[in-house]
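Notes for the one structure printed next.
The values are calculated or read from the model by the stated rules, or taken from the named source; none is laboratory data. Everything numeric in this text was worked out from a predicted model, so none of it was measured. Using ideal geometry, Cβ is built from the backbone for each residue, glycine included, and neighbour counts are taken over all protein chains shown. Just the protein is used for accessible areas: all its heavy atoms, side chains included, with ligands, DNA and RNA removed. Shrake-Rupley method; radii C 1.70, N 1.55, O 1.52, S 1.80 Å.
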Amino acid sequence: MAYWDRVVDHELRDRLMSAGAVVIEGPKAVGKTATARQHAASEVLLDVDDNARRAIALDPALVLSGDVPRLIDEWQVEPAVWNHIRRAVDDRGAPGQFILTGSANPADDITRHSGAGRLVRLRMRPMSLYETGHSIGTVSLSGALEGEGVRSPSPKLSFTALVDRIVTGGWPVNLTKTVPQAQQVIRGYLDEVCRIDIRRVDGVARDPVRVERVLRSLARNVATEVATTTLALDAGGPDGPLKDDTVSGYLDALERLMVIEEQPAWAPHLRSRSILRRSAKRHFVDPSLAAGALRATPQRLLADLNLLGLLFESLVVRDLRVYAQAADGRVLHYRDNTGLEIDIIVELADGRWGAFEVKLGGDQAIEQAAETLTRFAQRVDTSISGEPAVLAVITATGFGYMRNDGVGVIPVGALAP
């Protein structure tokens, strides 16, 4: 199978030059092993190699010996290997010794954090539209945050093709599949999460039917600040609502499996007396998982533009997370007590930031989104938080351009790192 270049390749290369070991973390089937193999000189696959797992108990050096960087795939299968890797990094005193991959965070967080200063972590997510070849890449997020204006021809990605990308997702295994085939893969993925994976993450037995209900409830409320209490009520069955603690346990396990990922709230300094809301938005790591949980086909989404809009926002968040991470940034959102909301804030480590509204399209929707962005920018105390590097509306289709008010309009099929 051919390898598709990933944005994270450049990040991995840089980290291997400065750290003794790099831990690639991400959900199952995201392509961690394939990416790691592009940079590794030798490997051991702990999830399938019984001899390697036995060797860790007898003589860990047998597993760690090999040309470097040495790939230790699915290391969390044998968490004890962590401390041996840490010690090997100390003893060798050179960067680029190991690449570790993992699709779940082990229960023993104390063991994981003992690698501080020796091992660095790198988050890997499903492929963005730019990585799958569905974005022409004419509008760079890094460029926009450096003050470059927005200008782009209309991408080749049609509205219906975009809906297909939402339901098939950025999973490498789905790149050559038809939409119905890809949807079957997604549903199988979710079934494994409900029946097997969620139990493995911490050893707690959970009812697969209830897990499935929580996933459906999350999907119905994707890209919102839905409360645990609401999920518990919505996911209840014949016996009534689930307990809040039960749902919290499910959410924690799903986060550790990296199936869901929160979008935290941004807390800038404000000129007004508005009160910031600090609840995170909830997203699946890929919008296809939300569509799969609801068994939503492209035809159904085209008939339900409200749901489609939420899933489109989740897709944009996925892509901007990939691009922002490469620029040492993070993806946040904003909401205050006056009802003013901004879908996405991208903030870089050096303090630069940009604000983005996400709309499927239409002149009126773009106009309203631009007014919201302008009003928001006036509310931020820029003497402390700095001026926004970019204000833009991200749309499903159309041309990329700058409006007279300084707000950019960016089709998602033009975005790139």
Legend entry - Rounded to whole Å, sorted largest first: equivalent-ellipsoid semi-axes of the stretch 149-295, Cα gyration tensor: 28, 26, 13
Legend entry - Accessible area per residue, Å², the chain with all protein chains present, probe 1.4 Å: 43 Å²
Legend entry - Total charge dipole magnitude, the chain, about the Cα centre, Cβ charges on Lys, Arg, Asp, Glu only, Debye to nearest 20: 280 debye
Legend entry - Cα→Cβ-extended label distance, 7 Å offset, between ILE275 and ARG54, nm: 6.3 nm
Inset, instruction - Along each of the three principal axes of the Cα atoms of the stretch 22-160, give the extent in whole Å, ordering the values from largest to smallest. - result: 60, 32, 30
Legend entry - Above-threshold pairs, the threshold being 28 Å between Cα atoms, out of LYS32/LYS243; LYS28/LYS177; LYS32/LYS359; LYS177/LYS281; LYS32/LYS177: LYS32/LYS243; LYS32/LYS359; LYS177/LYS281
Inset, instruction - Equivalent ellipsoid semi-axes for the stretch 237-297, as square roots of 5 times the alpha carbon gyration tensor eigenvalues: give them largest first, rounded to whole Å. - result: 29, 17, 13
Inset, instruction - Work from the charge dipole of the chain (Cβ charges, +1 for Lys and Arg, -1 for Asp and Glu, about the Cα centre) and give the residue of TRP82, MET127, SER65 farthest towards its positive end. - result: MET127
Inset, instruction - Would you calculate the separation in nanometres between label points at ALA303 and ASP381, each defined as 7 Å from the Cα along the Cα-to-beta-carbon direction? - result: 5.2 nm
Legend entry - Label-zone membership for the stretch 53-78, site TYR3, 7 angstrom Cα→C-beta point, backbone N under 20 Å: 66-75
Legend entry - Alpha-carbon centroids, the stretch 206-244 and the stretch 150-183: separation in whole Å: 28 Å
Legend entry - Options (1) -0.38, -0.49, -0.89, -1.17; (2) -0.25, -0.35, -0.87, -1.34; (3) -0.21, -0.29, -0.77, -1.37 - which one matches log10 I(q)/I(0) by the Debye sum over Cα atoms at q = 0.06, 0.07, 0.11, 0.14 Å⁻¹ as calculated here: (2)
Inset, instruction - Rounded to whole Å and sorted largest first, list the principal axis extents of the Cα atoms in the stretch 273-411. - result: 48, 31, 29
Legend entry - Area accessible to solvent at ARG318, 1.4 Å probe radius, in Å²: 10 Å²
Inset, instruction - Let me know the charge dipole size of the stretch 207-255 about its Cα centre in debye, to the nearest 20, where only the beta-carbon of Lys, Arg (+1) and Asp, Glu (-1) is charged. - result: 200 debye
Inset, instruction - Give me the number: length gained by fully extending ASN404 to ARG195, i.e. 0.36 nm times residue separation minus the C-alpha to C-alpha distance, one decimal in nm. - result: 69.9 nm
Inset, instruction - Could you size up the charge dipole of the stretch 1-109 around its Cα centre, putting +1 on the beta carbon of Lys and Arg and -1 on that of Asp and Glu, and report it in debye to the nearest 20? - result: 160 debye
